[in-house]
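Q: Shown below is the structure under consideration.
Read the figures in this text as sums done on the coordinates, not as results from a lab. Every value quoted in this text rests on a predicted model; they were computed, and no experiment measured them. Here Cβ is always computed from backbone atoms with ideal geometry, including for glycine, and neighbour counts include all displayed protein chains.
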Amino acid sequence: MANGGPVEHGFPHLETVREAITALYKRLSYDTIQTFSGSVAPADVAFADTDDLHLGTQRVARELVRHYHLPDAHMIVGFREMEHAANIELAAGPEYFVELNDRFRTHRRDIGAALAHEIMHVYLHRLDLSFPGTRANEILTDTATTYLGAGWLLLDAYREDSASSQKLGYLTPEEFGYVLAKRALIFDEDPSIWFTSPQAYEAYTRGMAKARHDEQQPPLTAAGWAGRRRYARDRRHAQDHHSPTSHPGTAYSFTPDGRGPLRVSFPCPTCHQRIRVPVRGRVRARCGLCRTVLECDT
Ligand SMILES: [Zn+2]
Ligand SMILES: [Zn+2]
């Protein structure tokens, strides 16, 4: 887990984040995702600087192991001077060695955040789910941590004032906010009440706006007027050309279907799997991967 450096903002990793959400649904299935409807509760990972360091760390680690449904995994956590924030050795288990940066000895309230990320590495390792390359794999890990209910800790560990800044993980604060918002939308949850960091709250608000934006793209009926107008123009173009067309700046594309009707494909606003429906006015579709019902005006 990375540590320090200037805090990056915005949505530079959005594409990989979305691929990670799709990959989670594919690997875990809708039913397993549903078993993560509850987030890690703040009280269960609370850690005061007066608590015993090692007992407290073991308690928080056990809580996260329980949350991720890894009953037989046993975390052995140590502290040492290191460049990174934290590190985990991925072996066969059931014992896993986690190293935390020495600074957590005096920043105990962020130990839960660091462990949430490291223990997710074990979860994904056991699922045999990974993305190629360290960077993409870490984005997958942060996305999975957040989508499955422990990532609000990582966003809450982001604090900034005139003198210093701190952020854990590879996603930007806004991207953590985005994944958290997508989770909040499917589970009807309000994670913002758990934040202790005002910056985390702001990032969540921006992430939520982005997540809502996903739900308002044509051909979904919730799309705004300008998007619908553009969509109608692009559809006319596709009908005239009889060849697959995609349109810069939009997520949908049209494909002719032999002599049948034109089809439009677009990403599911929940899981980002591509959906294909015939172009024939009002269509109700259900995403086969995440089961979201999509009201479309094609
Ligand atoms: Zn990592
Ligand atoms: Zn979906």
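Q: How big is the charge dipole of the stretch 225-297 about its Cα centre, in debye rounded to the nearest 20, if each Lys and Arg gets +1 on its Cβ and each Asp and Glu gets -1 on its Cβ?
A: Working: 15 positive and 5 negative charges, 35 e Å.
Around 180 debye, computed over the stretch 225-297.
Q: Considering only DSSP states other than H, G, I, E and B, which GluC sites (Glu not before Pro) in the stretch 1-84 qualify as loop sites with at most 13 other Cβ atoms within 10 Å? Show your work: numbers first, answer last.
A: Working: sites: Glu8, Glu15, Glu19, Glu63, Glu81, Glu83; in loops: Glu8, Glu81, Glu83.
Passing sites in the stretch 1-84 are Glu81, Glu83.
Q: Still on this structure, I have one more. Under a 5 Å amide H to amide H cut-off, with H placed in plane at 1.01 Å, what residues pair with His74 once short-range neighbours are removed?
A: Excluding prolines and chain starts, which carry no amide H, the hits are Glu95, Tyr96.
Q: From the phi of every residue in the stretch 83-91, what ³J(HN,Hα) in whole Hz does the Karplus formula 6.51 cos²θ - 1.76 cosθ + 1.60 yield, where θ is phi - 60° and glycine or proline is x?
A: With coefficients 6.51, -1.76 and 1.60, one gets 6, 7, 6, 6, 7, 9, 8, 8, 10 Hz.
Q: Moving to a separate point now. Assign one of three labels to the stretch 1-66, namely rounded, prolate or oblate, based on the Cα gyration tensor with a ≥ b ≥ c the square roots of its eigenvalues; rounded applies when a/c is under 1.5, prolate when it is not and a/b is larger than b/c, and oblate otherwise. Display every interim value, and only then the final one.
A: Values: a/c = 2.95, a/b = 1.32, b/c = 2.24.
Judged from the Cα gyration tensor, the stretch 1-66 comes out oblate (a/c at least 1.5, b/c at or above a/b).
Q: Anyone know which of Leu90, Leu171, Leu148 comes out most mobile in the 10 Å Cα GNM of the chain?
A: Looking only at Leu90, Leu171, Leu148, the biggest GNM fluctuation is shown by Leu90.
Q: Can you tell me which aspartates and glutamates have their Cα less than 13 Å from the Cα of Lys26? Leave out same-chain residues fewer than eight positions away.
A: Asp128
Q: Cysteines without a disulfide-compatible partner in the chain, using Cβ under 4.7 Å as the rule?
A: Lacking a cysteine Cβ partner under 4.7 Å: Cys296.
Q: Here is a follow-up. Cα gyration tensor of the stretch 2-212, axes a ≥ b ≥ c as square roots of the eigenvalues: rounded (a/c below 1.5), prolate (a/b > b/c) or oblate? List each step's numbers first, then the result.
A: Numbers: a/c = 1.38, a/b = 1.09, b/c = 1.27.
Rounded.
Q: Below 12 angstrom from the Cβ of Leu127, what's the summed charge of the other residues (Lys, Arg +1; Asp, Glu -1)?
A: +2
Q: Sticking with this structure for a sec: Between Leu64, Leu53, Leu100, which gets the highest mean-square fluctuation from a Gaussian network model of the chain, Cα cutoff 10 Å?
A: Top of the fluctuation ranking is Leu53.
Q: What shape does the stretch 192-269 take by its C-alpha gyration tensor, where a ≥ b ≥ c are the square roots of the eigenvalues and a/c under 1.5 counts as rounded, a/b above b/c as prolate, and the rest as oblate?
A: Because a/c hits 1.5 or more and a/b exceeds b/c, the stretch 192-269 counts as prolate.
Q: Sticking with this one: Using a Gaussian network for the chain with springs between C-alpha atoms less than 10 Å apart, which of these wobbles most: Arg286, Arg62, Arg236?
A: Among Arg286, Arg62, Arg236, the largest mean-square fluctuation in the Gaussian network model of the chain belongs to Arg236.
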